[in-house]
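Before any comments, here is the structure.
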Amino acid sequence: MDPLIIAGRQFRSRLIVGTGKYKSGQETARSIEASGAEMVTVAVRRVNLDRSKESLLDFIDPKKYFLLPNTAGCYTADEAIRAARLGREVGLSEWVKIEVIGDEKTLYPDVQATIEATRVLVKEGFTVLPYTSDDIVVAKRLLDAGASAIMPLGAPIGSGMGIQNTANIQILREMITEVPLIVDAGVGTASDAAIGMELGADAVLMNSGIAHAENPVLMAEAMKHAVIAGRAAYLAGRMPRKLYATASSPLQGVVR
């Protein structure tokens, strides 16, 4: 057993998936099932909260999956705080993934607003998982504000470029030990997910990498295996890198 533990809650899967950008609710459900994920994120703004017509929640069984509301689409701390409160009020969850966007083109986070929203919501009893930059100083400020995880971007949201600054992820892994480190955003394919886990991330969160694949269900399955393999490789400890070759079969003692 190697469970992911966030705020005292255990998850068997270290893959967290989003629910946006799919062609249909049915495709969403099949992809989530194939991913093996236990935690799924749902944008509060995308959920039909009055349930008077078809809703995303019609395709996600809350008895099977742990719902993590997110504040996607919010550009100020106040907007994010209101979205989190709304999600709790309608019974989605007291957990929230905080997203406060600071730049419309890159979708990079407004880290100051993210810290502010985290501080307010933690005081109100929320378990807060903030989407943030890969800056160690910001990560420490979020810890001080009470964040239950640190979720740095690997690359801009929806870019599929993979982890662009591996050194920063490694630094975060070394210096952030109090809470889980979850790579969030930028994963495009299974190898990206494996790299994130090999760098020491406790989990990977993704949406576009699965939803925008030619075959989302098959990609979801690939991501599941990649996260498992990356975690195993990290725990195993890779061999040292060397500039020159080393014979696989030792030559000492060989009769020539």
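Assorted remarks:
- Of the DSSP H helices in the chain, those whose Cα atoms cover at least 24 Å axially and whose Kyte score averages -0.5 or more: 216-236
- Potential lengthening between residue 45 and residue 86 on full extension [0.36 nm per residue; Cα-Cα distance subtracted]: 13.8 nm
- Environment charge at residue 3 (Cβ cut-off 13 Å; Lys +1, Arg +1, Asp -1, Glu -1): +1
- Note on the chain: with charges restricted to the Cβ of Lys and Arg (+1) and Asp and Glu (-1), its dipole about the Cα centre is near 620 debye.
- Value of relative contact order over the chain, rounded to a whole percent, pairs C-alpha under 8 Å and six or more apart: 18 percent
- FRET efficiency, residue 55 to residue 238 (Cβ-Cβ, R0 45 Å, nearest 0.05): 0.50
- Among the GluC sites (Glu not before Pro) in region 1-84, those located in a DSSP loop and surrounded by at most 16 other Cβ atoms within 10 Å of their own Cβ are 54.
- Simple label model, 7 Å out from Cα along Cβ direction - residue 7 to residue 177, nm: 2.5 nm
- The Cβ shell under 11 Å around residue 221 holds other residues with a net charge of +1, Lys and Arg each +1, Asp and Glu each -1.
- Residue among 64, 140, 242 with the largest mean-square fluctuation in a Gaussian network model of the chain, springs linking Cα atoms under 10 Å: 242
- For the chain, the antiparallel share of DSSP beta bridges with both residues in that region comes to about 15%.
- The H on the amide N of residue 98, modeled in the peptide plane, is under 5 Å from the matching H of 129, 131, each at least 5 residues off or on a different chain.
- Region 206-240: trypsin sites (Lys or Arg not before Pro) in DSSP loop, at most 13 other beta carbons within 10 Å: 238
- Expressed as a whole percent, the accessible area of the chain that falls on carbon and sulfur atoms is 51 (1.4 Å probe).
- Length released on extending from residue 30 to residue 122, taking residue separation times 0.36 nm less the Cα-Cα span: 29.7 nm
- Applying 1/(1 + (r/R0)^6) with R0 = 30 Å to the Cβ-Cβ distance of residue 245 and residue 164 gives a FRET efficiency near 0.50.
- Surface per residue (accessible, 1.4 Å probe) for region 118-256, Å²: 51 Å²
- HN-Hα J in Hz across region 128-134 - Karplus 6.51, -1.76, 1.60, θ = phi - 60°, x for Gly and Pro: 10, 10, x, 7, 8, 6, 9
- Alpha carbon centroid spacing (whole Å) that separates region 58-91 from region 182-226: 22 Å
- For the chain, built as a Gaussian network whose Cα springs stay under 10 Å, the top-fluctuating residue of 161, 206, 175: 175
- Label-to-label distance, nm, for residues given as residue 218 and residue 94 (7 Å Cα→Cβ offset): 4.4 nm
- Each other residue within a Cβ distance under 11 Å of residue 212 adds +1 if Lys or Arg and -1 if Asp or Glu, for a net charge of +1.
- For the residues 129, 205, 143, a GNM of the chain with alpha-carbon springs under 10 Å puts the largest fluctuation on 143.
- FRET efficiency for the pair residue 229 and residue 21, taken as 1/(1 + (r/R0)^6) with r the Cβ-Cβ distance and R0 = 30 Å, rounds to 0.75.
- Per-residue ellipticity at 222 nm, computed for the chain from helices alone with -39500 (n - 2.57) per DSSP H run of at least four residues, works out to -11000 deg cm²/dmol.
The values are calculated or read from the model by the stated rules, or taken from the named source; none is laboratory data. This is a predicted model, so every value here is computed, not measured. Neighbour counts run over all protein chains shown; Cβ positions are idealised from the backbone, glycine included. Ligands, DNA and RNA are excluded from the accessible area calculation, which covers all protein heavy atoms including side chains. Shrake-Rupley method; radii C 1.70, N 1.55, O 1.52, S 1.80 Å.
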